[in-house]
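See below for the structure under consideration.
The values are calculated or read from the model by the stated rules, or taken from the named source; none is laboratory data. The structure presented is a predicted model; accordingly, all values stated were derived computationally and were not measured. Heads up, the Cβs are rebuilt from the backbone with ideal geometry, glycines too, and the neighbour counts pull from every protein chain shown. With ligands, DNA and RNA removed, areas are computed over all heavy atoms of the protein, side chains included. Shrake-Rupley method; radii C 1.70, N 1.55, O 1.52, S 1.80 Å.
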Amino acid sequence: MKMNTGLFAAIAAIAAGSIFYFLKKNRKESVIDLSSVAQETVDSVLQFDDVVGWFKGLNLKEGEEMPFIAQSLDSLFGKRAEGIKAKEGYKTILLGVYTERTEVLSHSKILFVKDIDSQLKETLGKEKFVVLS
């Protein structure tokens, strides 16, 4: 079982590295226009199960599409995040799917939420983004 856990950790680290490289590589380029990403305000606590449900509803291709959750959009997207106006009293969360073959975000949604549940807090920790599997 420990071998599987180690393999899983290695695959997750590679996926996270790929997405992080993509975001940093394209940070100064206008490849991703965040102003066109759908935005939604959630006047309650965002639940981990709701996030997982959104990703499951996309019927993602395993090994090709990598779902992730991001916070700290300014540090990830630089000037392209300037158009995203954080709402006072809300946290800003980006749900996205990175498609490695085409190097694009195939699905994305920006959420302004009152708070996130304990499972999301534990998942995100202090990371800017986390790849889900």
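Assorted remarks:
- Apportionment of accessible area to carbon and sulfur, the range 49-132, percent (1.4 Å): 45
- Here r is the Cβ-Cβ distance between Ala38 and Lys87 and R0 is 22 Å; the resulting FRET efficiency, rounded to 0.05, is 0.90.
- Solvent-accessible surface of the range 71-133, averaged per residue with a 1.4 angstrom probe and all protein chains in place: 55 square angstrom.
- Amide hydrogen neighbours beyond the local backbone of Leu132, cut-off 5 Å, H modeled: Phe68, Ile69
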